[in-house]
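Asks: First the structure, which I've put down as structure tokens, then a few questions once you've had a look.
The values are calculated or read from the model by the stated rules, or taken from the named source; none is laboratory data. All of these numbers come straight from a predicted model, not from anything done at the bench. Cβ coordinates were reconstructed from backbone atoms using ideal geometry, including for glycine residues, and neighbour counts include every protein chain displayed. These accessible areas exclude ligands, DNA and RNA; they are computed on the full protein's heavy atoms, side chains included. Shrake-Rupley method; radii C 1.70, N 1.55, O 1.52, S 1.80 Å.
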Amino acid sequence: MANKWEVFVMDLGELAEGKELELTIRTLNDGLHKYTYQRAKVEVSSKLDQFADSLQVRLGRGQLSDRRFSIRVIERVERMPARYL
Amino acid sequence: MGKISAPRNNREFIDACVKSGDAVRIQQEVDWDNEAGAIVRRVCELGEAAPFMENIKDYPGFSYFGAPLSTYRRMAIALGMDPASTLPQIGAEYLKRTNSEPIAPIVIDKRDAPCKENILLGDDVDLCKLPVPLVHDGDGGRYVGTWHGVITKHPVRGDVNWGMYRQMMWDGRTMSGAVFPFSDLGKTLTDYYLPRGEGCPFATAIGLSPLAAMAACAPSPIPEPELCGMLSGEPVRLVKCETNDLEVPADAEIIIEGMILPDYKVEEGPFGEYTGYRTSPRDFRVTFRVDAITYRNNATMTISNMGVPQDEGQLLRSFSLGLELEKLLKSQGIPVTGVYMHPRSTHHMMIVGVKPTYAGIAMQIAQLAFGSKLGPWFHMVMVVDDQTDIFNWDEVYHAFCTRCNPERGIHVFKNTTGTALYPHATPHDRKYSIGSQVLFDCLWPVDWDKTNDVPTLVSFKNVYPKDIQERVTNNWADYGFRGAKK
Ligand SMILES: Cc1cc2nc3c(=O)[nH]c(=O)nc-3n(C[C@H](O)[C@H](O)[C@H](O)COP(=O)(O)O)c2cc1C
Ligand SMILES: [Mn+2]
């Protein structure tokens with residue numbers, strides 16, 4: 001099943017297309033873990049059928065942007081030092 | 001002092017509020033995702049009864065208690081007073097109790113501690129097992145701590161701090177929060193843990209007794225466990241944590257234990273704030289790693305929903321900031337007649353009444369207020385004389401608009417301490433907690449001749465002889481007046 005994701009950006013320019021990005025994204029899938037975050041390498045596209053998962057965007061003070069993207073999560077990135085995991 | 005009989009825990013408080021009509025039980029299912037938050041917000045804006053939501057989607061067995069202290073009636077109930085008590089009565093009671101002898105907490109056995117009824121450790125730890133609400137649509141996350149206490153200890157001085165510092169769930173084991181550098185916890189971190197690169201043990205307690213929550217957000221110099229004892233007239237019952245040496249209120253509904261990381265941060269915010277805006281930017285903030293969760297059977301999570309007036313942040317913080325300033329000014333021998341903050345100023349304006357017995361008294365008040373531990377939380381001090389009723393905004397506003405001289409009465413203080421939450425502050429100042437503050441001196445200058453220079457207040461009470469006032473008042477109905485329509 002396709003996953004739904006959300007990202008906070010200050011500027012839509014942070015979501016460059018056609019290259020790998022590292023973003024902090026949160027899941028919008030229904031269930032107990034909705035709104036939890038992870039850091040991930042991703043690729044985004046303004047073509048909504050480019051990737052299976054969808055991405056919606058919120059701006060600096062939580063405003064929902066009307067721009068929508070599709071997204072591919074390439075891999076999870078763990079930033080937290082191993083001693084705390 | 002007479003025996004105080006205040007609700008000793010959140011459950012007794014809910015019962016008392018339901019009985020007096022100050023809380024409603026909601027049995028239909030409520031969604032943790034926005035719906036509960038929206039209910040609490042509307043309750044705050046309408047001044048309604050507190051919602052006790054007993055059936056939460058996805059979280060059988062848990063409940064929510066929203067807007068616990070967003071009315072003076074509920075504040076009076078929390079203090080064990082008549083719900084109809086007036087604000088000055090509630091204030092006098094707070095001053096009486098917090099000027100009494102500190103009451104030290106006691107530590108009880110784990111077997112007697114309700115908060116240990118369920119214990120999650122190791123791989124079982126997951127904040128998503130708690131009904132953490134999405135309080136406002138568009139918030140940076142679900143907030144675990146909106147009406148709670150973050151418990152820490154200074155490792156050298158040994159003093160314990162309970163502070164209400166918001167905490168967002170980042171993932172099932174990580175929270176981030178806005179701990180300001182001038183707060184007690186902020187100072188402990190910068191003074192000890194951060195320079196050493198050591199983790200700071202913490203415990204978050206949710207569903208506290210209302211007076212423990214009041215202590216956690218009161219800007220008092222008295223350590224909060226003792227302050228809570230003084231407010232409730234009996235020792236707080238504490239119990240040792242599972243994974244660190246801290247002690248937590250045994251009657252709390254939920255305890256989250258863990259460590260504040262000294263060298264790693266995750267994003268926090270944005271979040272709906274007490275000013276009535278989402279102001280402070282999303283940023284990398286103090287990060288809490290969770291090691292254990294313990295909770296009572298059928299645990300109730302307390303929720304405050306900050307936004308436009310009036311919520312308990314505004315009500316209670318206005319209340320305690322004002323009264324703590326009153327104590328401070330009196331400790332310096334200043335002849336203040338009272339201090340009041342209107343909750344709808346979102347605790348930004350201190351109104352101080354004083355007998356203007358010497359020159360510069362308003363400036364002395366402002367310097368003490370802005371220079372104290374309370375100072376970063378408000379940016380306006382308005383000083384009026386002892387003839388002005390500080391609780392009556394019509395009178396205060398009249399005094400301000402007529403007596404505050406634009407050139408001599410307004411004094412701006414630059415480069416003071418602010419917070420990231422000030423809507424009027426520049427983005428740069430928000431980032432670095434840089435503030436600016438202002439005094440509105442509404443006193444007649446002492447060097448004006450009292451008979452010939454100071455204007456006379458033209459009011460019924462002030463200009464007519466007593467006998468005329470009495471005659472007119474007594475004959476009022478006979479003249480044909482039936483009471484003005486408001
Ligand atoms: C609902 C609520 C949320 C608060 N959130 C924060 C916060 O995120 N960070 C902060 O430093 N203070 C916050 N405060 C204010 C502190 O609770 C307050 O300054 C308290 O006195 C803690 O003081 P201390 O640091 O002097 O112990 C909040 C207050 C309330 C009522
Ligand atoms: Mn403190």
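Asks: Express the relative contact order of the stretch B:201-261 as a whole percentage, based on alpha carbon pairs under 8 Å and six or more residues apart in sequence.
Replies: Working: 84 pairs, mean separation 29.6, N = 61.
The value is 48 percent.
Asks: Still on this structure, please answer the following. Calculate, in nm to one decimal, what B:Leu457 and B:Gln364 gain on full extension: separation in residues at 0.36 nm each, minus their alpha carbon distance. Intermediate values should be presented prior to the final figure.
Replies: Values: separation 93, 0.36 × 93 = 33.48 nm, distance 2.58 nm.
That works out to 30.9 nm of additional length.
Asks: Suppose R0 equals 30 Å; then what is the FRET efficiency for B:Asn118 and B:Asp33 from their Cβ-Cβ distance, rounded to the nearest 0.05?
Replies: Efficiency computed from Cβ-Cβ geometry: 0.80.
Asks: Is it possible to state the helix-based mean residue ellipticity at 222 nm for the protein assembly as shown, with each DSSP H run of 4+ residues giving -39500 (n - 2.57), the sum divided by total residues, to the nearest 500 deg cm²/dmol? What is it? If you can, show how the numbers build up before the last one.
Replies: Values: 14 runs with 126 residues, N = 571.
It lands at -6000 deg cm²/dmol.
Asks: Semi-axes of the equivalent ellipsoid of the stretch B:369-486: what are they in whole Å, largest first, if each equals the square root of 5 times a C-alpha gyration tensor eigenvalue?
Replies: Numbers: eigenvalues 334, 75, 22 Å².
Here the semi-axes work out to 41, 19, 10 Å.
Asks: In the stretch B:199-232, whose amide N lies under 20 Å from the spot 7 Å out along Cα-to-Cβ of B:Asp15? List them in ranges.
Replies: B:207-213, B:232
Asks: Alpha carbons only, please: Rg and Dmax for chain B, in angstrom.
Replies: 23.9, 81
Asks: To the nearest 20 Debye, how big is the dipole of the protein assembly as shown about its Cα centre, given +1 on the beta carbon of each Lys and Arg and -1 on that of each Asp and Glu? Numbers along the way, then the final one.
Replies: Numbers: 64 positive and 73 negative charges, 82 e Å.
Here the size comes out at about 400 debye.
Asks: Something else about it: Provide the FRET efficiency to the nearest 0.05 for the B:Val107-A:Asp66 pair, computing r from the beta carbons and using R0 = 60 Å. Don't skip to the answer; put the middle values down first.
Replies: On the way: r = 56 Å, r/R0 = 0.93.
For R0 = 60 Å, the calculated efficiency reads 0.60.
Asks: In addition: If a paramagnetic tag sat 7 Å from the Cα of B:Asp447 along the Cα-Cβ line, which residues of the stretch B:392-416 would have the backbone N under 20 Å from that point?
Replies: B:403-412
Asks: Which cross-chain or sequence-distant (5 or more) residues have an amide H under 5 Å from the amide H of A:Gln56, H modelled 1.01 Å from N in plane?
Replies: Under 5 Å from the amide H of A:Gln56 lie the amide H atoms of A:Trp5, A:Glu6, A:Val7, each far enough along the sequence or on another chain.
Asks: Between B:Asn475, B:Val135, B:Gly199, whose Cα lies farthest towards the positive end of the dipole of chain B when Lys and Arg beta carbons carry +1 and Asp and Glu beta carbons carry -1, centred on the Cα centre?
Replies: Result: B:Asn475, furthest along the dipole toward the positive end.
Asks: May I ask you to list the lysines whose Cα is less than 18 Å away from that of A:Lys19, ignoring any residue fewer than eight positions away on the same chain?
Replies: The qualifying lysines are A:Lys41, A:Lys47.
Asks: Under 23 Å Cα-Cα from B:Lys110, which lysines qualify once same-chain neighbours fewer than 8 residues away are excluded?
Replies: B:Lys129, B:Lys153, B:Lys240
Asks: While we're looking at this one, here's another question. Taking the Cβ-Cβ separation of B:Asn415 and B:Ala84 as r and a Förster radius of 56 Å, what is the calculated FRET efficiency to the nearest 0.05? Working shown, then result.
Replies: Details: r = 45 Å, r/R0 = 0.81.
Here the calculated transfer efficiency is 0.80.
Asks: Take the Cα atoms of the protein assembly as shown, find their three principal axes, and give me the spread along each one in whole Å, biggest first.
Replies: 86, 56, 55
Asks: How many nm separate the modelled label positions at A:Leu85 and B:Arg482, each set 7 Å beyond the Cα in the direction of the Cβ?
Replies: That separation, rounded to one decimal, is 8.0 nm.
Asks: Roughly speaking, to the nearest percent, how much of chain B's 1.4 Å accessible area is carbon and sulfur? Don't skip to the answer; put the middle values down first.
Replies: On the way: 10500 of 20350 Å².
That share works out to 52 percent.
Asks: Same structure again: Assuming 0.36 nm per residue, please report the length gained on full extension of the stretch A:Asn29 to A:Leu12 beyond their Cα-Cα distance. Before the final figure, lay out each step's value.
Replies: Details: separation 17, 0.36 × 17 = 6.12 nm, distance 2.28 nm.
Net length gain for the segment: 3.8 nm.
Asks: Residues of the stretch B:126-140 losing 40 Å² or more of accessible surface, assembly versus chain alone, probe 1.4 Å, please list them.
Replies: The answer is B:Cys128, B:Gly138.
Asks: According to the square roots a ≥ b ≥ c of the eigenvalues of the Cα gyration tensor, what is the shape class of chain A, taking rounded for a/c under 1.5, prolate for a/b larger than b/c otherwise, and oblate for the remainder? Before the final figure, lay out the partial values.
Replies: Working: a/c = 1.38, a/b = 1.35, b/c = 1.02.
Taking the square roots of the gyration eigenvalues as a ≥ b ≥ c, chain A is rounded.
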